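Everything below concerns the one structure shown next.
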Amino acid sequence: MSVLVLSQKRSRLVRELNTVLTVLAREITVYFRSPATVIMSFVMPIVMMWMIGGNLMQNMAGGVGFALGQFMLVGMLVNMLFWITTMGITSLVDDHEIDFTQEMLVSPVSRYSLIIGKILGSGFAAILSMAGTLIVGLFMGITLQADKLLLILALSPLICLSGGALATIIIGLIKNKKAANLAVMLIIMPQMFLSGAIIPINHSSGALLVLNRIMPMTYCLDLVRAVVYRGSPEYDSIVMFNPLVNFAAILGLTIICLVLGTFFFARSEKNR
């Protein structure tokens, strides 16, 4: 009897994993079939890094006490992972309009597998966009060691999952494409400035402190910077929390957002 139960659990696990991989493969296929999307995933980080990062480096670099260029490069890498992943999640609205989500939801698989596959598929484009940010950084004279880049790459799926889970809540509540795009911008732009992507937040207080402490990007950024600055003299002045605290916060916020987002998304489709 126990062997049968174990076999059933294994079969279900394989089915859920296949679901995640199938949805992931669909998102990657759709991404490459849209040249405009591919181009924008590279152009957006170039514009952001060059315009915002370059301007800040020219006007603020002397007053922070450490190399602002590398600080911002890491911030922009994480920010673009969040940004492009969340923008990709808005395609759920398109799937809603063509009834694709209805077809997925009638299948005997977990809603979480469908959402996770969607987020990871959107995260694929976000990870590719890192190349654009690194290229601009290279032209600006900002580089990262190869081992640091590999560690950031290893953490990027977790960062994309965190950003995508947050966006799923918005998509679960809004079914209009224009409104969804605006809502996503409203959750990404504040995080870019308040979570420390381009401006240090070590001395934030009051309402700004509360806001940056509830933003998932704050902990993603701090974790990545802990990896990049490990063993350097600037570590204590840049990294705010212990990496284990960051990881626990990311995991906790991601689970909360994923549960809420999946609930709202599934309910909105059920009530159509």
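The values are calculated or read from the model by the stated rules, or taken from the named source; none is laboratory data. Keep in mind it's a predicted model, so treat the numbers as computed, not measured. Cβ placement follows ideal geometry from the backbone for every residue including glycine, while neighbour counts extend to all protein chains displayed.
Residue-by-condition table, conditions (1) under 13 Å from GLY261 (Cβ atoms); (2) within 13 Å of the chain's Cα centre (by Cα):
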{"residue": "LEU151", "(1), (2)": "no, no"}
{"residue": "SER156", "(1), (2)": "no, yes"}
{"residue": "GLY164", "(1), (2)": "yes, yes"}
{"residue": "ALA167", "(1), (2)": "yes, yes"}
{"residue": "LEU173", "(1), (2)": "yes, no"}
{"residue": "ALA183", "(1), (2)": "yes, no"}
{"residue": "ILE187", "(1), (2)": "yes, yes"}
{"residue": "ILE201", "(1), (2)": "no, no"}
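Residues in region 236-259 that are more than 17 Å from the chain's Cα centre (by Cα) and either surrounded by 20 or more Cβ atoms within 10 Å (Cβ to Cβ) or modelled with pLDDT of 90 or more (or both): ILE238, VAL239, MET240, PHE241, ASN242, PRO243, LEU244, VAL245.
Of all residues in region 189-199, exactly one satisfies the criterion of being farther than 15 Å from PHE71 by Cα and either aliphatic (A, V, I, L, M) or over 16 Å from the mean Cα position of the chain (by Cα) (or both), namely MET189.
Can you tell me how many residues in region 131-143 are buried (at least 18 other Cβ atoms within 10 Å of the Cβ) and outside any helix (DSSP H, G or I)? Don't jump to the end; show me each part of the working.
Of region 131-143, the ones buried (at least 18 other Cβ atoms within 10 Å of the Cβ) are 132-134, 136-137, 142.
Retained after the next criterion (residues that are outside any helix (DSSP H, G or I)): 142.
Residues in region 131-143 being buried (at least 18 other Cβ atoms within 10 Å of the Cβ) and outside any helix (DSSP H, G or I): 1 in total.
Criterion first (loosely packed, with under 13 Cβ neighbours inside 10 Å and closer than 19 Å to ALA249 by Cβ) does ASN202 satisfy it? Yes; evaluated as a whole, the condition is true for this residue.
Kindly evaluate ALA226 against the criterion of being part of a helix (DSSP H, G or I), small (Gly, Ala, Ser) and within 15 Å of VAL74 (Cα to Cα). Break it down stepwise before answering.
On the way: part of a helix (DSSP H, G or I): yes; small (Gly, Ala, Ser): yes; within 15 Å of VAL74 (Cα to Cα): yes.
Yes.
The number of residues in region 220-235 being more than 16 Å from the chain's Cα centre (by Cα) and in contact (Cβ under 8 Å) with a residue 24 or more places away in the chain comes to 3. Mind checking whether some residue in region 143-156 is modelled with pLDDT under 85 and in contact with an Asp or Glu (Cβ under 8 Å, 6 or more places away or on another chain)? Within region 143-156 (the criterion being modelled with pLDDT under 85 and in contact with an Asp or Glu (Cβ under 8 Å, 6 or more places away or on another chain)), the answer is no, since none of the residues qualifies.
Yes or no, residue by residue, for (1) farther than 22 Å from ILE152 by Cβ; (2) at pLDDT 80 or above:
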| site | (1), (2) |
| --- | --- |
| PHE32 | yes, no |
| PRO35 | yes, no |
| PRO45 | no, no |
| TRP50 | no, no |
| LEU56 | no, no |
| GLY63 | yes, no |
| LEU68 | no, no |
| LEU73 | no, yes |
| MET80 | no, yes |
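Within the bounds of region 106-115, is there any residue that is within 23 Å of MET49 (Cβ to Cβ) and modelled with pLDDT of 80 or more? No, region 106-115 contains no residue that is within 23 Å of MET49 (Cβ to Cβ) and modelled with pLDDT of 80 or more. Between residues in region 200-219 that are among the hydroxyl-bearing types (Ser, Thr, Tyr) and residues that are part of a loop (DSSP other than H, G, I, E, B) and buried (at least 18 other Cβ atoms within 10 Å of the Cβ), which pairs lie under 9 Å by C-beta distance while being six or more apart or on different chains? Sorted first by the residue in region 200-219, then by its partner, the pairs are SER204/GLY196; THR218/SER195; THR218/GLY196; THR218/ILE201; THR218/MET240; TYR219/SER195. A single entry from ASN246, ASN212, ASN181 fulfils the requirement of being part of a helix (DSSP H, G or I) and in contact with an Asp or Glu (Cβ under 8 Å, 6 or more places away or on another chain): ASN246.
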